[in-house]
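Before any comments, here is the structure.
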Amino acid sequence: MNLTPLIQSFVLHFGEMGSRWGINRTVGQMYALLFVSEKPLNADEMAEALGFSRSNVSMGLKELESWRLVKLQHFPGDRREYYSTPEDVWAIFKTLADERKKREVEPTLSMLREALMETPANEAERHAQARMGQMHDLIDLTTSWFSDIQKLDVETLKKLMTLGAQVQKFLEFKQKLSFPRASEKE
C-alpha cells in the first residue's frame with residue numbers, strides 16, 4: 001500500500017503532533033492512517049504502509065484499543081482483525097476527552113482531595129494546601145463544565161462553539177446591566 005503525498009503528509013504530521021500530545025509517534029501515525037483510510041485495515045497493511053514492524057503495529061493497536069479510539073472488525077472468510085476509527089469526529093473527541101479525564105484529571109483530583117484532608121504541620125504547608133485548594137477548585141469546576149458540555153447533542157455543541165467570543169460580550173453586557181453605575185449610587 002503506497003501512501004499518496006497528501007496522506008503521507010497528514011500521517012507524518014499527526015505522528016509528530018502525537019508526541020507533543022503525550023502519545024507515541026508511531027501510534028499517532030497509525031491512528032492518522034486509520035482515520036483517513038477508505039476501508040478498515042489489518043495490521044499487515046498498516047505495517048506495510050507505514051514501514052513499521054508487525055510487532056510495533058500490534059503494540060500500537062493495543063494502545064489505541066485501550067484508549068477506545070479504534071473499532072475492531074472481522075470479515076467472513078478472513079481470520080485477520082481489521083481496524084477503523086469512528087466516522088464521527090465528535091465521537092472521537094468525546095472518547096479522547098473521557099479517556100484523558102480518566103487517566104489524567106481524576107487521579108490529580110484524587111491526590112488533591114487527599115492533600116486537602118491532611119492537617120498542615122506548619123505555615124508552609126498551610127500555604128501549599130491553600131494553593132492546592134485553588135487548583136482543586138479550578139480543575140473540579142472545569143471538569144464539571146466539560147461534563148455538561150459533553151452531554152449536549154452535536155448540533156447544539158457546534159452552535160455553542162461557533163458563538164465563541166459572542167458569549168463573552170453577552171456576559172459583559174449582562175454584567176453592566178446588573179451593576180449600578182457610580183453616578184446611580186449617589
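Out of the residues in segment 2-11 that are surrounded by 11 or more Cβ atoms within 10 Å (Cβ to Cβ) and over 20 Å from the mean Cα position of the chain (by Cα), which is farthest from GLU38 (Cα to Cα)? Working first, answer last.
The initial filter retains those residues of segment 2-11 that are surrounded by 11 or more Cβ atoms within 10 Å (Cβ to Cβ), namely 3, 7-11.
From the residues that got through so far, the ones that are over 20 Å from the mean Cα position of the chain (by Cα) too are 3, 7-9.
Details: LEU3: 12, ILE7: 12, GLN8: 15, SER9: 17 Å.
Per the criteria, the residue is SER9.
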Checklist entry - Residues in segment 58-73: is at least one of a type in the set (Gly, Ala, Ser), out of contact with any Phe, Trp or Tyr (no Cβ under 9 Å at 6 or more places or on another chain) and either closer than 22 Å to ILE7 by Cβ or modelled with pLDDT of 95 or more (or both)? => result yes
Checklist outcome for this item: If we ask which residues in segment 152-176 are under 23 Å from the mean Cα position of the chain (by Cα), surrounded by 10 or more Cβ atoms within 10 Å (Cβ to Cβ) and not aliphatic (A, V, I, L, M), their number turns out to be 3
Checklist entry - Within segment 74-120, which residues are in contact (Cβ under 8 Å) with a residue 60 or more places away in the chain and either aliphatic (A, V, I, L, M) or surrounded by 13 or more Cβ atoms within 10 Å (Cβ to Cβ) (or both)? => result TRP90
Item to check | Top-ranked residue of segment 12-35 - restricted to ones that are part of a helix (DSSP H, G or I) and touching a residue at least 40 places away in the same chain (Cβ under 8 Å), ranked as surrounded by the fewest Cβ atoms within 10 Å (Cβ to Cβ) | outcome: PHE35
Next on the checklist: Looking only at residues that are out of contact with any Leu (no Cβ under 9 Å at 6 or more places or on another chain) and in contact (Cβ under 8 Å) with a residue 12 or more places away in the chain in segment 148-173, which one is nearest to THR95 (Cα to Cα)?
Outcome noted: VAL154
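The values are calculated or read from the model by the stated rules, or taken from the named source; none is laboratory data. These figures come from a predicted structure and were not determined experimentally. Virtual Cβ from ideal backbone geometry, glycine too; neighbours counted across all protein chains shown.
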